[in-house]
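K.L.:
Before we start, here is the structure in question, set down as structure tokens.
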Ligand SMILES: [Zn+2]
């Protein structure tokens, strides 16, 4: 699934992000931390721009919030039964180590607990509903290792996917 007109949508979003950064600086630092500046050198039109250091503070916080949104949607995607390769394709993600998109997506959103990357989501299968600790798209020795936490006998997408991966059918 690809956006119909990604470039136009992204241009609008870029302006929205600038406004959000400016608004966050205004809220956190007050009006004095924002000034009117030409939209480009020599231009008559002006727009509100945050002072550089508060702007850095705000832009970094917005980045963190956006990353949290990536993780939230990855959780929703896993709960809806989408695979890591599908999530990687939607993110259009590439990493420096040339991992497959599914692996790169998992690495991007995973938390590291005792140096082991994992990603948590809740199984939506009837009779399960448990919090799943997902160890990513690479096949593992057991389903428990790859996707741990399903209720015994869970046959929902998570359980089935884990069993398929264990058999090497759906890496
Ligand atoms: Zn389950």
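K.L.:
Identify, please: which residue in segment 46-55 is part of a helix (DSSP H, G or I) and in contact with a strand residue (DSSP E or B) (Cβ under 9 Å, 6 or more places away or on another chain) and is, among those, farthest from residue 28 (Cα to Cα)?
P.N.:
Only one residue tops the list, namely 55.
K.L.:
Follow-up. Inspect all residues belonging to segment 42-49 and state whether any of them is surrounded by 11 or more Cβ atoms within 10 Å (Cβ to Cβ) and either assigned by TED's automatic domain parsing to the domain that holds residue 105 or under 30 Å from residue 111 (Cα atoms) (or both).
P.N.:
Checked against the condition, which is being surrounded by 11 or more Cβ atoms within 10 Å (Cβ to Cβ) and either assigned by TED's automatic domain parsing to the domain that holds residue 105 or under 30 Å from residue 111 (Cα atoms) (or both), segment 42-49 yields no hits at all.
K.L.:
On to the next question. Are any residues in segment 62-121 within 13 Å of the chain's Cα centre (by Cα), without any contact (Cβ under 8 Å) to a residue 24 or more places away in the chain and assigned to a loop (DSSP other than H, G, I, E, B), and if so, which ones?
P.N.:
92, 93
K.L.:
Further, regarding this structure: For segment 91-100, state whether one or more residues are in contact with a strand residue (DSSP E or B) (Cβ under 9 Å, 6 or more places away or on another chain), modelled with pLDDT of 90 or more and not assigned by TED's automatic domain parsing to the domain that holds residue 35.
P.N.:
Among the residues of segment 91-100, not one is in contact with a strand residue (DSSP E or B) (Cβ under 9 Å, 6 or more places away or on another chain), modelled with pLDDT of 90 or more and not assigned by TED's automatic domain parsing to the domain that holds residue 35, which makes the answer no.
K.L.:
Would you mind stating whether residue 37 is farther than 30 Å from residue 137 by Cβ, outside the structural domain of residue 122 (by TED's automatic domain parsing) and assigned to a helix (DSSP H, G or I)?
P.N.:
Criteria not met by residue 37.
K.L.:
So residue 118 clears everything in (1) closer than 14 Å to residue 70 by Cα; (2) away from the ligand (no atom under 15 Å from the Cβ); (3) in contact with a strand residue (DSSP E or B) (Cβ under 9 Å, 6 or more places away or on another chain) except one condition, right? Which one?
P.N.:
(1) is the only condition that residue 118 fails.
K.L.:
With the requirement that a residue be part of a loop (DSSP other than H, G, I, E, B) and at negative phi, what does segment 122-132 give you?
P.N.:
Those that are part of a loop (DSSP other than H, G, I, E, B) and at negative phi: 123, 124, 125, 126, 128, 130.
The values are calculated or read from the model by the stated rules, or taken from the named source; none is laboratory data. Since the structure is predicted, the reported quantities are computational estimates derived from the model, not experimental observations. Positions of Cβ are backbone-derived with ideal geometry, glycine not excepted, and every protein chain shown enters the neighbour counts.
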